[in-house]
Amino acid sequence: MLLIRNAKLYTMEGPGYIEGGDVLIRDGKIAAVGTNLPSGGAKEIDARGAYVTPGFVDAHSHIGMWGDGEHDEDGDGNEATDPVTPQLRALDAVNPVDPCFAEACRAGVTSVATGPGSANVLGGQFLAMKTCGASLQEMLIKEPLAMKAAFGENPKAVYGSGGKRPATRMATAAVLREALYEAREYMEKRASKDADKHPAFSLKNEALAMVLRRELPLKMHAHRADDILTAIRLAKEFGLRASIEHCTEGYLIADELRKAGLGVILGPLITDRSKPELKNLTMKAPAILHRAGVKFALMTDHGVIPEQYLPVEAGLCVREGLPEMEALRAITINAAEVLGLEAQLGSLAPGKDADVALFDGHPLETRTHASLVIVGGNIAYERA
């Protein structure tokens, strides 16, 4: 058992903050949160006024899918041979000993969603994992976590340049719609009582059936406002659980975004306008969305922003008008909620995973270091 005492405690539950707060950890879980908790024989850590938060959660990255420092342009994140590959699994590509995981952990980022890139209209299945562990199996939180879809420039650039579909935004929407209708028909035929009428087993359609049954949310890559609206229409048409990923121009249609009620994972914001659909990129977007009543998480899109700079991104959003507590929510409880993992991650509450970070200054200040990081109740990093 561990007992963290006397912290500036950001619980992210209720009001979200306790001055001089304590956290009791038992068997890898949060056992109690409050003030003046009895130790019950636990090893005590006197935080001495340090800032303590839940481990940060990145709701969208590609960590472990491309070899960091290996100059591998293609990596293992895009199977650019077919625009529809829902059967692919990040589990079969992620490298758990990529040094970026350790760097993330040392910054207090303890959980990440990672998976395929956006070359394909349907790219495959994301997973959620911890950034510390002895093996990939030990690091896994949930697999599969979500299905990746992409709109806009990327699928067009990959396939249209070779004279294949999709070469337009119209074709991208059509390819996705066709795949979903085909999977629905497959499901109906497989459910028939007449086994002779069952179609041949299809791994593609089995993967998409999880999306149609709402077992997996669809992570819908969309930067431009028109792509976001197309994604919203398709999610409504098929009754899907879905989130808008990147959402660069979402602030331009904030009311539509709020009415849609889908998850929003915003970013990466610390990047250049490297392609036309990023021309309206602004660090002011989080504050605008917050004022419009749109709940969102932040992402690094690692390796666009290295994973360890997730809290730096959140801090820069505060500089541009986002309230401090909302910035923290965007990398803790909001991120957990949009991934469907809020019962396990994102706040300091009894029963949740004991993923906790102690900081020597405010966690969103660029000069701050994580001094102690606990993952699953075990000390994963301690700064000398």
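The values are calculated or read from the model by the stated rules, or taken from the named source; none is laboratory data. A quick note: this is a predicted structure, and the numbers were derived from the prediction, not measured. When we count neighbours, we look across all protein chains shown, and the Cβ atoms used for this are built from the backbone with ideal geometry, even at glycine. The accessibility values were calculated without ligands, DNA or RNA, using every heavy atom of the protein model including side chains. Shrake-Rupley method; radii C 1.70, N 1.55, O 1.52, S 1.80 Å.
Answer yes or no: is there a residue in region 35-46 that is of a type outside the set (D, E, K, R), in a loop (DSSP other than H, G, I, E, B) and surrounded by 21 or more Cβ atoms within 10 Å (Cβ to Cβ). Checked against the condition, which is being of a type outside the set (D, E, K, R), in a loop (DSSP other than H, G, I, E, B) and surrounded by 21 or more Cβ atoms within 10 Å (Cβ to Cβ), region 35-46 yields no hits at all. Checked against the criterion of being in a loop (DSSP other than H, G, I, E, B), of a type in the set (A, V, I, L, M, F, W, C) and open to solvent by 10 Å² or more (accessible area, probe 1.4 Å), region 306-323 contains not a single residue that satisfies it. Is there a residue being out of contact with any helix residue (DSSP H, G or I) (no Cβ under 7 Å at 6 or more places or on another chain) and under 22 Å from Thr282 (Cα atoms) anywhere in region 199-214? No, every residue in region 199-214 fails to be out of contact with any helix residue (DSSP H, G or I) (no Cβ under 7 Å at 6 or more places or on another chain) and under 22 Å from Thr282 (Cα atoms). Please work out which residue is farthest from Leu341 (Cα to Cα), limiting yourself to region 169-225 and to residues that are within 22 Å of the chain's Cα centre (by Cα) and open to solvent by 50 Å² or more (accessible area, probe 1.4 Å). Per the criteria, the residue is Arg224.
Scanning region 11-19 turns up no residue that is surrounded by 13 or more Cβ atoms within 10 Å (Cβ to Cβ), of a type in the set (S, T, N, Q) and within 30 Å of Gly303 (Cβ to Cβ).
Look at Lys236 and say whether it is open to solvent by 10 Å² or more (accessible area, probe 1.4 Å) and either modelled with pLDDT of 95 or more or in contact with a His (Cβ under 9 Å, 6 or more places away or on another chain) (or both). Criteria met by Lys236. Of the set (1) within 30 Å of Gln125 (Cα to Cα); (2) at pLDDT 95 or above; (3) not in a strand (DSSP E or B), all apply to Glu365 but (1). With respect to Gly67, determine if the residue is open to solvent by less than 60 Å² (accessible area, probe 1.4 Å), modelled with pLDDT under 95 and out of contact with any strand residue (DSSP E or B) (no Cβ under 8 Å at 6 or more places or on another chain). It is true that Gly67 is open to solvent by less than 60 Å² (accessible area, probe 1.4 Å), modelled with pLDDT under 95 and out of contact with any strand residue (DSSP E or B) (no Cβ under 8 Å at 6 or more places or on another chain).
Identify the residue in region 263-278 that is assigned to a loop (DSSP other than H, G, I, E, B) and in contact (Cβ under 8 Å) with a residue 40 or more places away in the chain and, among all such residues, is surrounded by the fewest Cβ atoms within 10 Å (Cβ to Cβ). Once the filter is applied, the top-ranked residue is Lys275.
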